[in-house]
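Beneath this line is the structure, given in structure tokens, with notes to follow.
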Amino acid sequence: MLWCALVVSLGDEFAHPFFLLMKYLGPPNPLITLVGCLHGDETLGRDLFEHYSDRLAAYPGLALVLANEPAMVLNKRFIETDLNRSFPGHPEGSQEERLAAQLLARVRSSRYVLDIHNTTTDIDAVPIATNLSDESRRIINLFPTHEVALIEPPLAGRSLIGQLTGGVSLEFNFDFARGEEALKLVDHVIVGLIQNQKDPARERSIFHVTGSIPKSTKLPEHGIRNFELIEELGVYPFLYGERSYPDIHALAATSKTIEVI
């Protein structure tokens, strides 16, 4: 039996006309929760919510969250503060901090959390983790990309997946996400987790992200590519070309390791 819950806020301090903060669809204690639209201007999460909401009976144990509907309606990244920098949240904080507290309480019962994002960079798709737990490895194993971004503390401390043992963000380029391949990749992960299947293990390049490259940093004029070493700085750029980062060129991985996952 499926349960549908709506989390709402009707506080007088909420100045916008969109009171619905979060949509939840699925069983009360799901195996997997797919979270979309932590950032309201990233549309793949909304598209996946709509796709799976009509098909939940075929995916036992899957729940869906549309996380920040007010920002989504306004096509804004956030209303007051970046939701993915607002965890673990606070019941009396900003709108996103209140939402973060509600959202975290909702998803913590899931063994696996798939946090869906879009990027303006040239990366088609990449998994982002904050740990390499058994649960995170299971998700990464089912995702075919060679590169994995591992966000190290304290950088990961305010993100959703930074609060979870089994949470992984799946980041997709906007153009790539408009095609069928992005849905196929997500569906492969979901089905594999539900059916307790694994793909053959393969070598992965784990990029250990520990900081960022400020906009004040002078970069080489040519040849900057994500996951390729900038020798002058000794770092591997990650999410270089992301337009939602006004103060930095990119996140910075200070080391790369190889693991079979």
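Confirm whether Gly192 is in a helix (DSSP H, G or I), closer than 15 Å to Thr130 by Cα and among the small types (Gly, Ala, Ser).
Here the answer is no, as Gly192 does not meet what is asked.
Between Glu259, Glu242, Glu171, Glu181, which is surrounded by 14 or more Cβ atoms within 10 Å (Cβ to Cβ) and closer than 30 Å to Pro60 by Cα?
Going through Glu259, Glu242, Glu171, Glu181 in turn, the sole match is Glu171.
For the stretch 53-82, how many residues meet the condition of being in contact (Cβ under 8 Å) with a residue 60 or more places away in the chain and under 27 Å from Leu185 (Cα atoms)?
5
Counting only residues that are assigned to a loop (DSSP other than H, G, I, E, B) and of a type in the set (Val, Ile, Thr), how many does the stretch 144-170 have?
Of the residues in the stretch 144-170, 2 are assigned to a loop (DSSP other than H, G, I, E, B) and of a type in the set (Val, Ile, Thr).
For residues that are without any contact (Cβ under 8 Å) to a residue 40 or more places away in the chain and not small (Gly, Ala, Ser), scanning just the stretch 242-261, find the one that is nearest to Asn84 (Cα to Cα). Quick ask: steps written out before the conclusion?
Going through the stretch 242-261, the residues without any contact (Cβ under 8 Å) to a residue 40 or more places away in the chain turn out to be 245-250.
This time we only want the ones that are not small (Gly, Ala, Ser), so: 245-249.
Details: Tyr245: 13, Pro246: 16, Asp247: 17, Ile248: 17, His249: 19 Å.
Restricting to residues being without any contact (Cβ under 8 Å) to a residue 40 or more places away in the chain and not small (Gly, Ala, Ser), the top hit is Tyr245.
Has the stretch 220-231 got at least one residue that is touching a Gly at 6+ places or on another chain (Cβ under 7 Å) and within 18 Å of Ile128 (Cα to Cα)?
So far as the stretch 220-231 goes, no, none of its residues is touching a Gly at 6+ places or on another chain (Cβ under 7 Å) and within 18 Å of Ile128 (Cα to Cα).
Can you name the residue in the stretch 82-107 that is in a loop (DSSP other than H, G, I, E, B) and modelled with pLDDT under 95 and, of all such residues, is surrounded by the most Cβ atoms within 10 Å (Cβ to Cβ)?
Here the residue is Ser94.
Residues of the stretch 72-96 being among the hydrophobic types (A, V, I, L, M, F, W, C) and under 24 Å from Pro30 (Cβ atoms), which ones? Give the steps one after another, and end with the answer.
Step one: of the stretch 72-96, the residues among the hydrophobic types (A, V, I, L, M, F, W, C) are 72-74, 78-79, 83, 87.
Within the stretch 72-96, Met72, Leu83, Phe87 meet the criteria.
What's the total number of residues in the stretch 208-241 that are among the hydroxyl-bearing types (Ser, Thr, Tyr), part of a loop (DSSP other than H, G, I, E, B) and touching a residue at least 40 places away in the same chain (Cβ under 8 Å)? It would help to see each step written out before you state the result.
So in the stretch 208-241, the residues among the hydroxyl-bearing types (Ser, Thr, Tyr) come out as 210, 212, 216-217, 236, 240.
Checking the rest, the ones that are also part of a loop (DSSP other than H, G, I, E, B) come to 216-217, 240.
With touching a residue at least 40 places away in the same chain (Cβ under 8 Å) added as a condition, the list becomes 240.
Result for the stretch 208-241: 1.
Does Glu42 satisfy the criteria of being among the charged types (D, E, K, R), within 16 Å of Leu160 (Cβ to Cβ) and under 14 Å from the mean Cα position of the chain (by Cα)?
Working: among the charged types (D, E, K, R): yes; within 16 Å of Leu160 (Cβ to Cβ): yes; under 14 Å from the mean Cα position of the chain (by Cα): yes.
Yes: the conditions hold for Glu42.
State whether the residues of the stretch 118-141 include one that is more than 13 Å from the chain's Cα centre (by Cα) and closer than 22 Å to Met72 by Cβ.
Yes, some residue in the stretch 118-141 is more than 13 Å from the chain's Cα centre (by Cα) and closer than 22 Å to Met72 by Cβ.
Just one of Gly162, Gly179, Gly192, Gly167 is assigned by TED's automatic domain parsing to the domain that holds Phe143 and free of Cβ contacts under 8 Å to residues at least 24 places away in the same chain; which is it?
Answer to the check: Gly179.
Identify the residue in the stretch 63-81 that is among the β-branched types (Val, Ile, Thr) and surrounded by 19 or more Cβ atoms within 10 Å (Cβ to Cβ) and, among all such residues, is modelled with the highest pLDDT. Reasoning before the result, please.
Taking the stretch 63-81 first, the residues among the β-branched types (Val, Ile, Thr) are 65, 73, 79, 81.
Within this subset, residues satisfying the condition of being surrounded by 19 or more Cβ atoms within 10 Å (Cβ to Cβ) are 65, 79.
Working: Val65: 97, Ile79: 93.
Checked the stretch 63-81; the qualifying residue modelled with the highest pLDDT is Val65.
The conditions are (1) outside the structural domain of Phe78 (by TED's automatic domain parsing); (2) not in a loop (DSSP other than H, G, I, E, B), and Ser244 fails exactly one of them. Which is it?
Status for Ser244: all satisfied but (2).
The values are calculated or read from the model by the stated rules, or taken from the named source; none is laboratory data. No experiment lies behind these values; they were computed from the predicted model shown. Backbone-built Cβ (ideal geometry, glycine too); neighbour counts: all protein chains shown.
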